[in-house]
Amino acid sequence: MPDGCDSMTLDRFLRTYNNIPLAERNLPIFVLEGEPISWKLARTEIEKDTDLGKKIQAKLEKEGFI
């Protein structure tokens, strides 16, 4: 588990991610710093515990996605 993501947050994210149809995981869900963010990119960045992943996670939580 990534250091920057607690297990409850990661579980909430993965539950949401796993309920999204495969084709929709590639579609943008929001724009962050001028770049479109898809569910697939969000998963990669959050699991790798990158700085971008932390920003994505915060945005997903703020917007009520997870």
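No value in this document is a laboratory result; all are computed from the given coordinates. Please read all numbers here as calculations on a predicted model, not as lab measurements. Cβ placement follows ideal geometry from the backbone for every residue including glycine, while neighbour counts extend to all protein chains displayed.
Under a plain spin-label model, where a point goes 7 Å from the Cα along Cα-to-Cβ, how far apart in nm are M8 and N26?
3.6 nm
Tell me, what is the Rg over Rh of the chain, with Rh the Kirkwood radius over Cα pairs?
A ratio of 0.92.
As an exercise, identify the GluC sites (Glu not before Pro) in the range 1-58 lying in DSSP coil whose Cβ has no more than 14 other Cβ atoms within 10 Å.
Here the GluC sites (Glu not before Pro) that fit, given the DSSP loop and packing criteria, are E33.
Defining a contact as two alpha carbons under 8 Å apart and six or more residues distant in sequence, what relative contact order in percent does the chain show?
About 32 percent, as a whole number.
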